[in-house]
1. Look at segment 384-407 and say how many of its residues are touching a helix residue (DSSP H, G or I) at 6+ places or on another chain (Cβ under 6 Å) and of a type outside the set (A, V, I, L, M).
2. Determine which member of the set LEU39, LEU14, LEU7 is buried (at least 22 other Cβ atoms within 10 Å of the Cβ), more than 14 Å from the ligand (Cβ to nearest atom), in contact (Cβ under 8 Å) with a residue 60 or more places away in the chain and closer than 18 Å to THR97 by Cβ.
3. Identify all residues within segment 296-326 that are in a loop (DSSP other than H, G, I, E, B) and in contact with a helix residue (DSSP H, G or I) (Cβ under 8 Å, 6 or more places away or on another chain); write none if there are none.
4. Give segment 51-76 a look and list any residue that's more than 13 Å from the ligand (Cβ to nearest atom) and under 14 Å from THR10 (Cβ atoms), or say none.
5. Out of all the residues in segment 203-226, is one or more touching a strand residue (DSSP E or B) at 6+ places or on another chain (Cβ under 9 Å), of a type in the set (Ser, Thr, Tyr) and closer than 20 Å to GLY151 by Cβ?
6. Restricting to segment 280-338, and then to whatever is acidic (Asp, Glu) and farther than 20 Å from MET368 by Cβ, can you tell me which residue is surrounded by the most Cβ atoms within 10 Å (Cβ to Cβ)?
7. When you scan segment 196-214, do you find a residue that is crowded, with 20+ Cβ neighbours inside 10 Å and touching a Lys or Arg at 6+ places or on another chain (Cβ under 7 Å), even just one?
Amino acid sequence: MLVLPGLVDTHVHLAQALIRGCADDTSLIDWLQNFVWPLQGNFEAEDGKVSAELCMLEMIKSGTTTFLESLLHSRYGFDGVAQSVDDSGMRGILSKTVMGLPGYGTKDSIMHPGMIEQAETCLREVEDHFEHWNGRGSGRIRVWYGARSLGGCTSELYKQIASGAQRLGTGVTIHLSEVQEDVRFAQREYGKLPAEFIDEVGLVGPNVVFAHGVWLTEKECRILAMKGASVAHCPSSNMKLASGIAKVPEMMKDGVNVSLGCDGGPSNNCYDMIREMKTASLLQKARLLDPLVMNAETILEMATINGARALGLQNEIGSIQVGKRADMILVRLREPHLMPTISPLSNLVYAAEGSDVDTAFIDGKIVMENRVVKTLDESRILRQASERGEKLLERSGIRVESKWPKI
Ligand SMILES: [Zn+2]
């Protein structure tokens, strides 16, 4: 088998595993307003826990050992989710949502009432969760600020997030320049490009991970590079929602640390970093008409050490080295689609899929062996996810229908 450092997924929505397949073939704003927000606005804490368990089961079974959850709203039940991360044995950073305004991108995209939270409560909850959970599970669990994207916070609130993170010595993650509407919004509201604005409120630094960055300009990338911030590239999500193609090779040339992310159940629609690696590589080759960009080595670095660097964990994980934590995976090579093994790295990036991962160690502990996850009860989670997913859809009043007639 092939031994690798555990994969690091730097943009995950745990709560979206339960709404996989509920919002397909539509663009981001409609996707959010008419499907994702109403569904998530009807979550109960138990839905949040089951969704997180389902998501972690999928991540472990496809080789991810560390993840960054980007927006945990209170109604998903932070404590239940954090407890399930602890039980799963995974290394997880949980970012509690901080928001102050109910919008996104445009003034008319108003969130579902079930998703709206008050700024003061959000800030207090981050501190409470940080105090209770940060460092638990022998340091596997961390708590960050999950700032809502432009239109969801006032300038003042962004400044409070930046100073809060400074004070606690923790990180911040935020969606940035995902769609063109984000750029138009920043220019209209602030007369600036999104990264220029977010820099002005103090939110560009080595402890910040920006999700997507599809529409970042060279000027903005230079700001990010200079201040040591990272971008979590989510190619499948950007393609499926038709958000655009991030200029990843150019960003890297500008000195930005770029890692990979699977995003969520209705946007990807899976949490398989091995599939994401291939997508990330092929997308840039096709865009630039250049087969030399995004080679297998670069892609694997994005999925491991660049991810570790984005999370400030480069001295602990992201490569197999003496002195680092033992987060490792074993990938089966004796499969028809992985033979011959002349170039194991090529096979991994261009031919493998998540289900080829056989064994996973996290923090020296065997979390999966021979594809059996030891820390989570797979059959119970699958049953509950199926039941709760259907009930949630019913409660939200959303119908998912095939475009084909039923006969
Ligand atoms: Zn996202």
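The values are calculated or read from the model by the stated rules, or taken from the named source; none is laboratory data. None of the values given here were measured: they were computed from a predicted structure. Counting neighbours? That spans all protein chains shown, and the Cβs are built from the backbone with ideal geometry, glycine included.
1. Adding up the residues that qualify gives 4.
2. Details: LEU14 fails: more than 14 Å from the ligand (Cβ to nearest atom); LEU7 fails: closer than 18 Å to THR97 by Cβ.
So the residue among LEU39, LEU14, LEU7 that is buried (at least 22 other Cβ atoms within 10 Å of the Cβ), more than 14 Å from the ligand (Cβ to nearest atom), in contact (Cβ under 8 Å) with a residue 60 or more places away in the chain and closer than 18 Å to THR97 by Cβ is LEU39.
3. If the condition is that a residue be in a loop (DSSP other than H, G, I, E, B) and in contact with a helix residue (DSSP H, G or I) (Cβ under 8 Å, 6 or more places away or on another chain), then GLN314, GLU316, ILE317, GLY318, SER319 are the ones that fit.
4. Across segment 51-76, the qualifying residues are MET59, THR64, THR65, THR66.
5. no
6. We begin by selecting, within segment 280-338, every residue acidic (Asp, Glu); these are 290, 297, 301, 316, 327, 335.
Still in the running and farther than 20 Å from MET368 by Cβ: 290, 297, 301, 316.
Working: ASP290: 11, GLU297: 10, GLU301: 18, GLU316: 16.
Going through the qualifying residues, I end up with GLU301.
7. Taking every residue of segment 196-214 in turn, at least one turns out to be crowded, with 20+ Cβ neighbours inside 10 Å and touching a Lys or Arg at 6+ places or on another chain (Cβ under 7 Å).
Yes/no matrix, rows are residues, columns are (1) within 30 Å of LYS247 (Cβ to Cβ); (2) of a type in the set (A, V, I, L, M):
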| position | (1), (2) |
| --- | --- |
| ILE116 | no, yes |
| LEU150 | yes, yes |
| LEU157 | yes, yes |
| ALA162 | yes, yes |
| VAL172 | yes, yes |
| GLN180 | yes, no |
| ARG184 | yes, no |
